[in-house]
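Here's the structure, in structure tokens; my notes come after.
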Amino acid sequence: MVNKKTPSAPSSTNKQRSVSLAATDHQQLLLDVFSSALADVLSSDAFPSLVRDIKRALFDRDFAAAFADERHLEAYAARWSPTRALCYASTLLAISPRLQQEDSDGDAKNIRMLCVGGCAPELAAAAAFARGTSSRVSLTLVDAAPWTRVIDLVRHRLCVAPALSKYASPAAVAANTPFVHASHLSVAFCRHNALDLSRERLAEVAGPNPLLVTLLFTLNEMYADGGLAKTTTFLRQLGEALPPKTLFLVMDSPGSYSEAAVGKDRRRYPMQWLLDHTLLGTETGAYRWEKLESHDSLWFRLPEALSYPIQLEDMRYQMHLYRILKC
């Protein structure tokens, strides 16, 4: 079983709801992908100290230190990516009717995703989406950290069938398939700081047809590291660069953790307020955003039947979904 810390009970406010899923085969298989792909770091004597270092850096909002090198990234992916991958996958599957509706080619089986600031959990979630909907997913990951090794490890385990004993029965061999076929998941990684990308480069990465763009536990980091002005510029350039009918999914920590200090008096504003002010409160003759869904606080609860080598926790987050329309 997955040993879980029991979170405090969610409040009764109508802005908060709980997402509880029964354990499914694909959820356990996804956890198996992480435990296999990152087995070396999970079994390393240095793993506990690496996790402590990352936690300390994240608490101090020193994201550069948290994601300083490949060893930190492997430890981070092994410790936090499994729960996030399951949560992201459930979110993608929940919004899949909108994704298929916005497919510009009229082929609901081909989905394009651009994940800004995302890597291992987004990759695994995209694979789960492809598996769960029988879709072909073309995924572009953009991040400033050196995630290439982690991406390669996780992608290999996603797209290659697990090794079997030489004594495996013919039935076991016949049933042994990869989590997702490589033909259903194409992945490209662009190592860039998204805040430094020009409108032209964003348009090149996004392409000409509608897609899903995600900022999953990334926007708060942008406000903290890049500042309000630079992050606002990025969001506005993103609006200029994206094709019409593109969906924009934002997930992050809820409550006071996702706040940004603004102005000389360092007054703090909620991330969601800043996001809505930038997307919905700015008039432009070229495009406009519409909000499709918004949740201040959600819970993703791990099914008890799932198994992973280390303790995992349930996950609380905020979620907002937008669509861009071009004038």
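Between the alpha-carbon centres of the stretch 273-315 and the stretch 182-246 there is a gap of 16 Å. Each principal axis of the chain carries a Cα extent, and these read 66, 46, 40 Å when sorted largest first.
For the chain, what does the helix formula give at 222 nm: sum of -39500 (n - 2.57) over DSSP H segments with n ≥ 4, over the residue count, nearest 500 deg cm²/dmol?
Values: 12 runs with 137 residues, N = 327.
When only DSSP H runs of four or more count, the value is -13000 deg cm²/dmol.
Students often check this: by mean Cβ neighbours within 10 Å, which of 294-307, 83-96, 29-42 ranks highest, and how do the rest follow?
Working: 294-307: 16.9, 83-96: 22.0, 29-42: 20.4.
The most tightly packed comes first, giving 83-96, 29-42, 294-307.
In percent, how large is the relative contact order of the stretch 157-254, given Cα pairs closer than 8 Å and 6 or more residues apart? Numbers along the way, then the final one.
Numbers: 93 pairs, mean separation 30.7, N = 98.
Averaging sequence separation for qualifying contacts and normalising by length gives 31 percent for the stretch 157-254.
What does the highest-first list of 264-272, 143-151 look like by mean Cβ count within 10 Å? Please list the in-between numbers first.
Details: 264-272: 12.7, 143-151: 18.8.
Highest-to-lowest ranking by the protection proxy: 143-151, 264-272.
Sequence-distant contacts, meaning Cα pairs under 8 Å at least 6 residues apart, place the relative contact order of the chain at 24 percent.
Between the listed residues 144, 176, 194, the Cα displaced farthest toward the positive end of the dipole of the stretch 119-223, a dipole computed from Cβ unit charges relative to the Cα centre, is found at 176. Note on residue 291: aspartates and glutamates with a C-alpha under 13 Å away, same-chain residues under 8 apart excluded, are 276.
Summarising the label geometry, the points placed 7 Å from Cα in the beta-carbon direction at residue 327 and residue 61 lie 3.4 nm from one another. Around the Cα centre of the stretch 274-316, unit charges on the Cβ atoms of Lys, Arg, Asp and Glu (plus for the first two, minus for the last two) sum to a dipole of about 80 debye.
Every read-out reported here was derived from the displayed coordinates using simple, explicitly stated rules and does not represent laboratory data. These figures come from a predicted structure and were not determined experimentally. Here Cβ is always computed from backbone atoms with ideal geometry, including for glycine, and neighbour counts include all displayed protein chains.
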